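Novice: The structure follows.
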Amino acid sequence: MERGIAESRQGDWLVLSVSGEVDLSWSQTLRTAVLKALPGTPALAVRLDQVAYIDSSGIAALVEGFQQARSRNQPFVLLAPSPSVRAVLELARLDRVFQIREQLD
Amino acid sequence: MNSVACPRPAESARTARPDPLALIAELSQSLALSLNLEATLKLAISRIVGALDVEAASVFMADEESGVLRCLAAFGPVDIVGLELPANQGIVGRTFQSRSCQMVDNTAEDPDFTGAIDKVTGFRTRSMISTPLLTAQGAIGVLQAVNKRDLQRFDLEDRNLLRALASPLALAAANASLAASLVEQSRIKRELELARRMQRNLLPRRRRGDFPILALHRPAREISGDFYEYFELADGRIAFAMGDVAGKGLDAAFLMVRCASLLRWTGKEGQRPSEWLARVNRELCDGVQHGSFVCALAGIHDPRTGETCWANAGLPSVLRMDADGVQRFRAEGPPLGILPEMDFPEQHTCLAGASLYLFSDGVTDARRPDGSMLGMEGAEALLQAGHEIRRPQSRLRVIASRLRQLELGDDTTLMLIEGP
């Protein structure tokens, strides 16, 4: 699957739709995209339904985005994670940290 | 412009010019054998001054970081060693940028001539020939000769000789810089080895006899983000902990040292695992940079009764195995260092006649020869296959040898707690 990050708007939300495998070779791109997007939007959603695999460096990029957003009281959600991403999040109990939603409405 | 990068007819009225082939052979050999580049360069340049019948010659080497050409060796009436010229100015800069030989019979007529060296030294540069030092990586410096004696002009023979001599000079300089970077690499390697030993010393020593906790630990690189710990409490129970810092670099190693110390000192008080992890989590949240976190587990085992309780903050599921089968305990707490106000629920089991396996995701992320990941199912199968071996030390050895047959891309740590 082609790697990429697409931006779209949905009301107050800026949605970053991520696709492909997020591993050490690419997690920095995701990190930069998330950190750059945060100041320009009231709320950020990272859509993960097209992510086939995520490793701990990819999780770390999401955690950093979450922490930055939280320090500014900015809503930050993970949207529709694929089964493999959901398994990683749930096994490490990061479902207790992140707000995970199937859709924004 | 009076600079010439193309051939011109050789002049015939020359006397006593040394045999160029013999000179090239001599200089190539002395540069190849030299252990002291600067001394050999100086000797080589003095021979070039003689061979070209010029007043002075010098070698400039490029410093990529600062964008200058710095004089490494010189021979002539003034010492310009250490002098710096911009890599994009002057005739030397032009030689470097264009990677071609430049001949200038009258510097005053060359628009690129800056006279930078003359201003500093009081020397007067009338004519100049310079050639780039070329390697596979591109130009690395410039060899130049100035002021042909007795008002002669530089000719094709000078140009060819200078270019021929530039090759062994470039090779010797490239070798010297390679040697310097090897020295630097070996220094970094030594320091990493020291850091690795320091980290290794943080881990508990293997106990002799029937101590119920055994561990194996394989860092993916010199330094590790994984750690484990066990120590006896005053009441005879044993506290144990394991951690896996996200990331693999130096930052992960520093966080590993911090978290390992925190877990050890907080755990010495013998408090309940849930409170133990909650305290370490609060401490870590205060001062850990965003995006760093630690998957960890802390617990207490009573070797007399087998009663064991722990709290798991984001490490893979803990496996309890006995003759009846396998029981999985999924983590109930998130990793440490993300949110300060988190609770870490405890899990309990009795290990009488049973074993408990805790491990970092290096085990579940290990890859089989076909490239597929082991996963939780695979890790469970791997551990179960060795479970009939009674002696825990032998069992761990078998597990270690099975893990060695897999590709371990991450730090890998496994702890075995053997019940009474």
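The values are calculated or read from the model by the stated rules, or taken from the named source; none is laboratory data. All figures in this text were calculated on a predicted structure; none of them were measured in a lab. Note that we place each Cβ from the backbone using ideal geometry, even for glycine, and neighbour counts take in every protein chain shown.
Novice: Which number in (1) more than 14 Å from chain B (Cβ to nearest Cβ); (2) more than 13 Å from A:Phe98 (Cα to Cα); (3) crowded, with 16+ Cβ neighbours inside 10 Å marks the one condition that A:Ala45 misses?
Specialist: Single failed check for A:Ala45: (2).
Novice: Filter the helices (runs of 4 or more DSSP H) completely within the stretch B:307-411 down to those with at least 1 residues that are within 14 Å of chain A (Cβ to nearest Cβ) and over 30 Å from B:Leu284 (Cβ atoms).
Specialist: Correct list: B:375-385.
Novice: Could you grab me the full set of residues in the stretch B:282-299 that are crowded, with 23+ Cβ neighbours inside 10 Å and farther than 14 Å from A:Val63 by Cβ?
Specialist: Listed by number, the residues that qualify are B:Ala296, B:Leu297, B:Ala298, B:Gly299.
Residues are listed down the side, and each one gets a yes or a no for (1) modelled with pLDDT of 90 or more; (2) at positive phi; (3) aromatic (Phe, Trp, Tyr); (4) part of a helix (DSSP H, G or I):
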{"residue": "B:Ala13", "(1), (2), (3), (4)": "no, no, no, no"}
{"residue": "B:Arg17", "(1), (2), (3), (4)": "no, no, no, no"}
{"residue": "B:Ala32", "(1), (2), (3), (4)": "no, no, no, yes"}
{"residue": "B:Leu35", "(1), (2), (3), (4)": "no, no, no, no"}
{"residue": "B:Glu55", "(1), (2), (3), (4)": "yes, no, no, no"}
{"residue": "B:Arg70", "(1), (2), (3), (4)": "yes, no, no, no"}
{"residue": "B:Ala74", "(1), (2), (3), (4)": "yes, no, no, no"}
{"residue": "B:Leu85", "(1), (2), (3), (4)": "yes, no, no, no"}
{"residue": "B:Ile91", "(1), (2), (3), (4)": "yes, no, no, yes"}
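Novice: Right, something else. Cβ-Cβ under 8 Å, sequence separation 6+ or interchain: first residue in the stretch B:17-37 and within 17 Å of B:Ala51 (Cα to Cα), partner modelled with pLDDT of 75 or more and assigned to a loop (DSSP other than H, G, I, E, B). Which pairs?
Specialist: B:Arg17/B:Asp53
Novice: Using beta carbons and a limit of 7 Å, which pairs, at least six apart or on different chains, have the first residue in the stretch A:52-73 and more than 11 Å from B:His290 (Cβ to Cβ) and touching a residue at least 40 places away in the same chain (Cβ under 8 Å) and the second one of a type outside the set (S, T, N, Q) and surrounded by fewer than 23 Cβ atoms within 10 Å (Cβ to Cβ)?
Specialist: From residues that are more than 11 Å from B:His290 (Cβ to Cβ) and touching a residue at least 40 places away in the same chain (Cβ under 8 Å), the pairs are A:Ala52/A:Met1; A:Ala52/A:Gly20; A:Ala52/A:Glu21.
Novice: In the stretch B:147-166, which residues are touching a strand residue (DSSP E or B) at 6+ places or on another chain (Cβ under 8 Å) and surrounded by 15 or more Cβ atoms within 10 Å (Cβ to Cβ)?
Specialist: Of everything in the stretch B:147-166, those that are touching a strand residue (DSSP E or B) at 6+ places or on another chain (Cβ under 8 Å) and surrounded by 15 or more Cβ atoms within 10 Å (Cβ to Cβ) turn out to be B:Asn147, B:Lys148, B:Phe154, B:Asp158, B:Arg159, B:Leu162, B:Arg163, B:Leu165, B:Ala166.
Novice: In addition: Could you list, in sequence order, the residues of the stretch B:283-303 that are under 20 Å from B:Gly267 (Cα atoms), more than 12 Å from every other protein chain (Cβ to nearest Cβ) and not in a strand (DSSP E or B)?
Specialist: Scanning the stretch B:283-303 gives B:Glu283, B:Leu284, B:Asp286, B:Asp302, B:Pro303.
Novice: For B:Phe254, state whether it is surrounded by 16 or more Cβ atoms within 10 Å (Cβ to Cβ), among the aromatic types (Phe, Trp, Tyr) and either within 20 Å of the chain's Cα centre (by Cα) or more than 21 Å from B:His348 (Cα to Cα) (or both).
Specialist: no
Novice: Across the stretch A:48-61, which residue is nearest to B:Ile338 (Cα to Cα) among those that are in a helix (DSSP H, G or I) and within 9 Å of chain B (Cβ to nearest Cβ)?
Specialist: Looking at the filtered set, the residue picked out is A:Ala60.
Novice: Let me spell it out: the conditions are (1) touching a residue at least 60 places away in the same chain (Cβ under 8 Å); (2) on the phi < 0 side of the Ramachandran plot, and B:Ser317 meets all of them except one. Which number is the exception?
Specialist: (1)
Novice: Answer yes or no as to whether B:Val280 is in the same structural domain as B:Leu233 (by TED's automatic domain parsing) and at pLDDT below 95.
Specialist: no
Novice: Take the residues in the stretch B:389-416 that are charged (D, E, K, R) and either over 17 Å from B:Leu214 (Cα atoms) or surrounded by 13 or more Cβ atoms within 10 Å (Cβ to Cβ) (or both), then tell me which one is modelled with the lowest pLDDT.
Specialist: This residue is B:Asp410.
Novice: Got at least one residue in the stretch A:63-80 being over 22 Å from B:Cys285 (Cβ atoms), buried (at least 17 other Cβ atoms within 10 Å of the Cβ) and more than 14 Å from chain B (Cβ to nearest Cβ)?
Specialist: yes
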